[in-house]
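Only one structure is covered here, and it is reproduced in the block below.
The values are calculated or read from the model by the stated rules, or taken from the named source; none is laboratory data. Because the structure is a prediction, the values reported are computed rather than measured. Note that each Cβ is placed from the backbone with ideal geometry, even for glycine, and that neighbours are counted across all protein chains shown. With ligands, DNA and RNA removed, areas are computed over all heavy atoms of the protein, side chains included. Shrake-Rupley method; radii C 1.70, N 1.55, O 1.52, S 1.80 Å.
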Amino acid sequence: MSRRSVRLRQEGLTYYSMKILPLFLCPLFAVLPCAAQTPSLEEAMGRPILAANQPLVEVQVYTASRVKSMPLVSSAQQWTQAKEELRQRVLKEVVLRGEGRKWADAKTRVEWLDVLPGRGYRIKRLRYEVIPGLWIPALLYEPEKLSGKVPVILNTNGHEGAGVANDYIQIRCINQAKKGALALNFEWLGMGQLKADGFSHTRTNQLDLLGTSGVALHYLSQKRGLDILLGHPNADPSRVAVTGLSGGGWQTILISSLDPRVTIAVPVAGYSSFVTRAQFPDQDLGDSEQTPVDLASIADYTTLTAMRAPKPTMISNNAYDNCCFRGDYANAPLIWAARPYYELYRAGEKLSAHINFDAGHNYGQENREAFYRFVRDNFYGGHEAAFSEKEIPSEGDVRTPEELRMELPADNLDIHKLALRLSEGLPRKAGGPGLAEVVKAHTYRVSATEAGPGQEVEGIRLRYWRLRLDNDWTLPVIEMGDSANPKVTLLIGDQGRGALAGEARRLVKQEGRRVIAVDPFYSGESKIAKRDWLFALLVSSVGDRPLGIQASQIAAVARWAKAAVTVESFGPRTSLIAAVAAVLEPKAIPATKLHGALSSLHDVLRSDMTVDKFPEFFTFGLLAAWDLPGANQWQSLFDGKTSAGWRTLARPQFPTNGGWSVEEGSIRSLAKGKRADISTERSFRNFELMFDWKLAKGTNSGVKYLVFGMRPNPEVGRIDPEVPKALGLELQLIDDERVADAKVEPSHGTGALYLFAAPTAKLPPLQIEEWHTARILVQGSHVEHWLDGVKVLDVNLESEALRKMMAAQEREDIPKLKNLDELKADALKKYPLVITHHGGDAWYRNIRIRELE
């Protein structure tokens, strides 16, 4: 045996034991604390607390269990009375809330245009006013030979880009006219000729924010379509039909249940029970108009179906639907729930189902012929010769969108313009409901359970909790620091608690506070995994409000802390939650610190936000009743119409050399114009600046602050009064993918303090040619950059690292250390703000500022 082997054996180790011992020790090391294995605070705060998909299951149970059940009646007389009361309630408390009643009382205005001839039919083009100032195009298909009273059919459209020009819709309407009926097909908001951002359905919730129901526009589009049809001299008011696919199917059940003039209804793949929607979130949740605020608290779609009794209704679905409302699960619950109400009238056979077995989400020939057959049987006594179920080949009659297009007023309203108009003067000074009532606040009881063992990380003690609130919600909570410390901060953020480790570290170690980090409903670990914003709509439809749930959750956690807490939030969404929670629970939450908050709820409209990205912002009637604290401290730097308040650094006027324009509510740099930077007329030192921005492909732009003066124009190599360029610190905004400079190093990319500091956090997705928000905070030597609600840079201008970076730069046309020394020497001196022009197309809007001490 070698001396080495003897020595190893004497030490209790052999070659064999050296190989095998780690295999036995590995499990032990896995459970014992080890310096090398200790997680970072970021990892520890990101440790899962909830079960997989727990937030999704909880919201499914919560919403489905709160859908209003079917009314209990025992006779046709009782149901006739009850359904009329329901109809009035739905109209008053859901559809026509706010301005809706006034709009509904306005007279239907119609402008008839030209006539397009056809073979056996003709098309009259028209436009009509849905509400004052908002016109939509429509097509009236008439039989070529028209005499006497004939049926009228309202054809509603779904989420299809071509709108009234869709070939299958044209074929259906042409057939209806050739068979002897009057057929109206109107352009649905957001589709066809009205396919524009301002008409997108996610913007209808902008009206909800103001206390006016967004679904009113959809309802009134249909109601006025019926007005036009029934105003025709040949219309038979006893034979009125409505049909449509998808969103058109939803429109069909809405108008046919709420308007007694409708005789027969054939919705195709268009709706399901709210309970079904909660169970099948990947298919059926439905968007804004299909899930109106408070509807599910009054009537489910099963009830709307039953309200059709005893009138003929055929619910049609596709067995192989690749979109939504598939026949195997959507149809039967509606028929099962509504048929007993039909049977009260001994009319059970008047409610029927039709299942199509063609591929996809369709209103193809088989579905169309089922509709023709339904019309024949109910309007013509089943006489095939009077109205044949067989489709007349009409593919050769289909027209292009350009042939069907018609002019609309140049100043025509859209949903967003309407919301801006209605928001003027809000919130109202007095007389409305209180904030707790608006957000439907809860006072939750809290039951706390420790969620596994705690741990110590970086000298900070962490305890993990699950807080059960009223047996409805489970909140993941991490408590950090001394649990007996009465100085408590409740920490929340739009990106979830896992992104707040730096803030927790500061609060515990530097400020000596106990921290409770929590993810309320919709954020972090409590974010719903599938189609989260659609569940927010459903929460509102069952009579709750996402914001009320979130703020009430934070209030409950504050009470559980058993100490007066400061809620510190990071991001616009959680800052709104924090502000509302402080109003709901002022004793438990005497203070808030809001980072990255909106300047006002008016930002939701000025920045044209949508419910799919910010669901809690669209709480019904919130802006009519309340606004964020400090909203009046913000000042606009751009009126959206003129260049007032802007100039160049060289001359006291806005440049007129073709480099800039004011258009459609924005200031735009033009790629082909002179590249002069533009400056504010006013100067600032400590401030919070917010604005929206958008870049064209290949654009390099940015906003400079603490602008010390002019720098040479790189095109001529000298100070150029004709094309003045700014010398200052810059929030870089650039097409990171297409512009070479962005790839040089991180300090050249979007979000950076250009040349001097790279982003300190992961950037949110920033798609080119889309609008984004930005925020610059300057307070003393502290600077923050925010993009789309995420703090992407936090830097101290007096830090050694930044001074070294600046000293290392060889360029002469950039800020130097003497400029930083100037800031330190004179803390009161103010400097203008500048929007740069580097040769690309860039847009800026909603520019506002708040000066800080």
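For beta carbons closer than 6 Å, sequence separation of 6+ or different chains, a first residue in the range 107-125 that is assigned to a strand (DSSP E or B) and a second that is small (Gly, Ala, Ser) and at pLDDT 95 or above, the qualifying pairs are Tyr121/Ala177. Checked against the criterion of being of a type outside the set (Lys, Arg), modelled with pLDDT of 95 or more, touching a strand residue (DSSP E or B) at 6+ places or on another chain (Cβ under 8 Å) and over 21 Å from Asn205 (Cβ atoms), the candidates Ala306, Ala265 yield just one match: Ala265. Remark: Leu475 falls outside the filter, which requires a residue to be within 18 Å of Ile49 (Cβ to Cβ) and over 33 Å from the mean Cα position of the chain (by Cα).
For the range 108-122, does any single residue satisfy the condition of being within 30 Å of the chain's Cα centre (by Cα) and surrounded by fewer than 20 Cβ atoms within 10 Å (Cβ to Cβ)? Steps first, answer last, please.
Going residue by residue through the range 108-122, those that are within 30 Å of the chain's Cα centre (by Cα) are none.
No.
Quick check, is Arg463 over 18 Å from the mean Cα position of the chain (by Cα), over 30 Å from Leu285 (Cβ atoms), open to solvent by 20 Å² or more (accessible area, probe 1.4 Å) and without any contact (Cβ under 8 Å) to a residue 24 or more places away in the chain?
Values: over 18 Å from the mean Cα position of the chain (by Cα): yes; over 30 Å from Leu285 (Cβ atoms): yes; open to solvent by 20 Å² or more (accessible area, probe 1.4 Å): yes; without any contact (Cβ under 8 Å) to a residue 24 or more places away in the chain: yes.
For Arg463, the condition - over 18 Å from the mean Cα position of the chain (by Cα), over 30 Å from Leu285 (Cβ atoms), open to solvent by 20 Å² or more (accessible area, probe 1.4 Å) and without any contact (Cβ under 8 Å) to a residue 24 or more places away in the chain - is met.
Among the residues of the range 753-778, which ones are under 16 Å from Leu695 (Cα atoms) and in contact with a helix residue (DSSP H, G or I) (Cβ under 9 Å, 6 or more places away or on another chain)? Across the range 753-778, the qualifying residue is only Thr773. Being in contact (Cβ under 8 Å) with a residue 24 or more places away in the chain, surrounded by 17 or more Cβ atoms within 10 Å (Cβ to Cβ) and of a type outside the set (A, V, I, L, M, F, W, C) is a property that Tyr380 lacks.
Kindly establish whether Ala430 is part of a loop (DSSP other than H, G, I, E, B) and without any contact (Cβ under 8 Å) to a residue 12 or more places away in the chain. Yes.
In the range 733-750 there is at least one residue matching the filter, namely being under 23 Å from Lys674 (Cβ atoms) and buried (at least 23 other Cβ atoms within 10 Å of the Cβ). Consider the range 385-406 and keep the residues that are charged (D, E, K, R), without any contact (Cβ under 8 Å) to a residue 40 or more places away in the chain and loosely packed, with under 13 Cβ neighbours inside 10 Å. The one that is farthest from Val130 (Cα to Cα) is Lys390.
Taken over the range 691-732, the residue count meeting the criterion of being open to solvent by 50 Å² or more (accessible area, probe 1.4 Å), under 16 Å from Leu649 (Cβ atoms) and either β-branched (Val, Ile, Thr) or without any contact (Cβ under 8 Å) to a residue 40 or more places away in the chain (or both) is 3. Taken over the range 834-846, the criterion of being open to solvent by 10 Å² or more (accessible area, probe 1.4 Å) and either under 23 Å from Arg606 (Cα atoms) or not in a loop (DSSP other than H, G, I, E, B) (or both) is satisfied by Asp841, Trp843, Arg845, Asn846. Residues in the range 308-358 that are part of a loop (DSSP other than H, G, I, E, B) and within 32 Å of the chain's Cα centre (by Cα): Asp321, Asn322, Cys323, Cys324, Phe325, Arg326. Restricting the range 277-296 to residues that are open to solvent by less than 20 Å² (accessible area, probe 1.4 Å) and at pLDDT below 95 leaves a set whose member that is nearest to the chain's Cα centre (by Cα) is Ser288.
Condition (residue is aliphatic (A, V, I, L, M), touching a helix residue (DSSP H, G or I) at 6+ places or on another chain (Cβ under 7 Å), crowded, with 24+ Cβ neighbours inside 10 Å and closer than 12 Å to Val95 by Cβ) applied to the range 240-254: is it met by at least one residue? Yes. The single residue among Thr610, Thr592, Thr574, Thr566 that is under 16 Å from Ala419 (Cα atoms) and modelled with pLDDT of 95 or more turns out to be Thr610. Evaluated against (1) part of a loop (DSSP other than H, G, I, E, B); (2) more than 26 Å from Val542 (Cα to Cα); (3) not basic (Lys, Arg), Leu462 falls short on exactly one condition, (1). Assessment of the range 808-829 against the conditions (at pLDDT 95 or above, under 30 Å from Asn657 (Cα atoms) and exposed (fewer than 14 other Cβ atoms within 10 Å of the Cβ)) yields no matching residue. Looking across Phe618, Phe638, one residue alone is under 17 Å from Leu209 (Cα atoms) and touching a residue at least 40 places away in the same chain (Cβ under 8 Å). It is Phe618. Residues in the range 144-163 that are of a type outside the set (D, E, K, R), over 27 Å from Thr202 (Cβ atoms) and either open to solvent by 10 Å² or more (accessible area, probe 1.4 Å) or not in a strand (DSSP E or B) (or both): Leu146, Ser147, Gly148, Val150. On the basis of being at pLDDT 95 or above, open to solvent by 40 Å² or more (accessible area, probe 1.4 Å), assigned to a helix (DSSP H, G or I) and not polar (S, T, N, Q), does Glu84 make the cut? Criteria met by Glu84.
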